[in-house]
Amino acid sequence: MVIAPSPAVTASPWTDPFGRPHTYLRVSITDRCNFRCGYCMPAQGVIWRPRSEILNFEEIERLVRLFVRGGVTKVRLTGGEPAVRRGLEELIARLAVIEGLREIWMTTNGSTLAKKADAYRRAGLTGLNVSLDSLRRERFAEIARRDELPKVLEGIETALGAGFRPLKINVVVMAGVNEDELLDFAELASDRPIQVRFIEFMPFKGNGWQRGDLYPAARMREDLRERYRLTPLETSPNAVARGFAIEGGKGSVAFVASMTESFCDGCNRLRLTADGTVKSCLFLRADGNLRDSLRAGADDEALATIVRDSLARKWKEHPPMENLLATNDHSMLEIGG
Ligand code: SF4
């Protein structure tokens with residue numbers, strides 16, 4: 001069935017009150033995960049949503065088509081852990097044929113890559129970020145509450161072999177937990193086509209964040225410069241990460257410093273939670289449920305209005321870190337970062 005582009009959707013793309021066009025959609029396709037990372041999954045665990053509340057593949061495809069007509073060119077699949085969603089390759093293949101969608105990325109904990117990296121690639125996945133917070137087996141098991149480091153490392157090698165280059169590795173740096181591994185992670189990037197992205201620890205519902213847990217990006221760079229010469233890389237105005245080449249290295253490092261070096265000016269990101277709710281900012285309350293309207297028979301114009309209303313309430317930049325818990329009603333698990 002060909003859906004005629006609604007003139008209103010194409011006429012006024014996803015632009016917020018500050019003139020920022022939103023061209024990047026992060027789609028959480030499940031609230032479930034096979035790991036139990038302490039900075040993401042509330043210690044008391046979560047009650048998984050019934051499957052009926054989660055968007056099905058037809059609904060995800062229809063909504064992504066809608067967002068693409070409004071100017072989105074890049075989609076990232078997140079979770080929970082997207083790879084626990086059965087039929088993931090089918091979903092990727094459905095999205096890969098959408099005209100105007102140039103990139104399909106996925107953020108994964110890497111637990112399925114050893115078996116599935118090739119299949120994701122063949123289905124049309126264009127890029128991968130692997131979340132990995134320690135290269136030490138015991139510490140990995142402590143953070144993720146799963147003893148899966150060997151499998152994740154094997155998955156990374158398989159993904160490189162499948163053509164995901166540069167492969168990106170996301171490391172959440174937590175003071176007193178893993179900041180002593182910065183040099184080891186940079187070593188990974190020096191002899192492989194990998195970009196290691198060091199992420200400042202952020203406050204989310206249920207993750208027990210405290211100011212003292214934050215290890216600022218400026219200190220991370222200082223630590224790395226003890227061994228490496230870092231040269232700034234050109235960065236797009238929408239980028240969340242500031243990249244640096246490692247002298248003589250095959251890869252690079254980057255810093256996602258949303259707590260100490262805000263990058264909201266160039267924000268182009270919209271989010272869709274697994275239950276079909278729009279979030280115009282990572283730290284803003286979710287508002288506007290597309291799933292319910294869609295299931296009630298809403299047409300594309302009505303759905304587009306929900307997205308635009310959410311964007312109209314977007315702020316210029318997130319408030320100071322101490323206030324973020326007050327404005328955000330989701331755990332990291334539910335948003336997928
Ligand atoms: S905090 Fe919100 S406004 Fe700032 S970059 Fe992130 S999503 Fe965009």
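The values are calculated or read from the model by the stated rules, or taken from the named source; none is laboratory data. A quick note: this is a predicted structure, and the numbers were derived from the prediction, not measured. With ideal geometry, Cβ positions are generated from the backbone for all residues, glycine too; neighbour counts draw on all protein chains shown. Surface areas here come from the heavy atoms of the whole protein model, side chains and all, with no ligands, DNA or RNA. Shrake-Rupley method; radii C 1.70, N 1.55, O 1.52, S 1.80 Å.
Worth pointing out:
- Search result, residues across region 235-262 that are out of contact with any strand residue (DSSP E or B) (no Cβ under 8 Å at 6 or more places or on another chain) and free of Cβ contacts under 8 Å to residues at least 60 places away in the same chain: S236, P237, A239, G248, S262
- Within region 244-269, considering residues that are more than 10 Å from the ligand (Cβ to nearest atom) and of a type in the set (S, T, N, Q), the one surrounded by the fewest Cβ atoms within 10 Å (Cβ to Cβ): T260
- E322 vs. criteria within 16 Å of the ligand (Cβ to nearest atom), touching a Cys at 6+ places or on another chain (Cβ under 6 Å) and in contact (Cβ under 8 Å) with a residue 12 or more places away in the chain: no
- Scanning region 204-217 for residues that are touching an Asp or Glu at 6+ places or on another chain (Cβ under 8 Å) and of a type outside the set (D, E, K, R) yields L214, Y215, P216, A217.
- Pair list, Cβ < 7 Å and 6+ apart or interchain, from region 94-112 residues that are on the phi < 0 side of the Ramachandran plot to residues that are in a loop (DSSP other than H, G, I, E, B) and open to solvent by 40 Å² or more (accessible area, probe 1.4 Å): E103/T126; I104/T126; W105/T126; S111/N34; S111/E148
- Residue match in region 165-175 (condition: touching a Lys or Arg at 6+ places or on another chain (Cβ under 8 Å), touching a residue at least 40 places away in the same chain (Cβ under 8 Å), part of a loop (DSSP other than H, G, I, E, B) and within 18 Å of A257 (Cβ to Cβ)): no
- Residue match in region 243-256 (condition: among the charged types (D, E, K, R), at pLDDT below 95 and more than 13 Å from A186 (Cα to Cα)): no
- Residue in region 96-103 that is within 19 Å of the chain's Cα centre (by Cα) and crowded, with 22+ Cβ neighbours inside 10 Å present: no
- Subset of region 270-286 that is away from the ligand (no atom under 14 Å from the Cβ) and open to solvent by less than 10 Å² (accessible area, probe 1.4 Å) - its residue that is nearest to the chain's Cα centre (by Cα): A274
- Some residue of region 305-317 being modelled with pLDDT under 90, open to solvent by 20 Å² or more (accessible area, probe 1.4 Å), within 15 Å of the ligand (Cβ to nearest atom) and outside any helix (DSSP H, G or I): no
- Flag if S111 is open to solvent by 10 Å² or more (accessible area, probe 1.4 Å), in contact with a strand residue (DSSP E or B) (Cβ under 7 Å, 6 or more places away or on another chain), under 16 Å from V171 (Cα atoms) and modelled with pLDDT of 95 or more: no
- Residues in region 51-95 that are open to solvent by 10 Å² or more (accessible area, probe 1.4 Å), assigned to a helix (DSSP H, G or I) and aliphatic (A, V, I, L, M): V68, A83, V84, A93.
- Residue count for region 96-122 under the criterion of being part of a strand (DSSP E or B) and touching a helix residue (DSSP H, G or I) at 6+ places or on another chain (Cβ under 6 Å): the result is 3.
- Residue in region 125-144 that is open to solvent by 10 Å² or more (accessible area, probe 1.4 Å), assigned to a helix (DSSP H, G or I) and within 18 Å of L25 (Cβ to Cβ) present: no
- When residues in region 212-242 are screened for being open to solvent by 60 Å² or more (accessible area, probe 1.4 Å), basic (K, R) and not in a loop (DSSP other than H, G, I, E, B), 3 of them pass.
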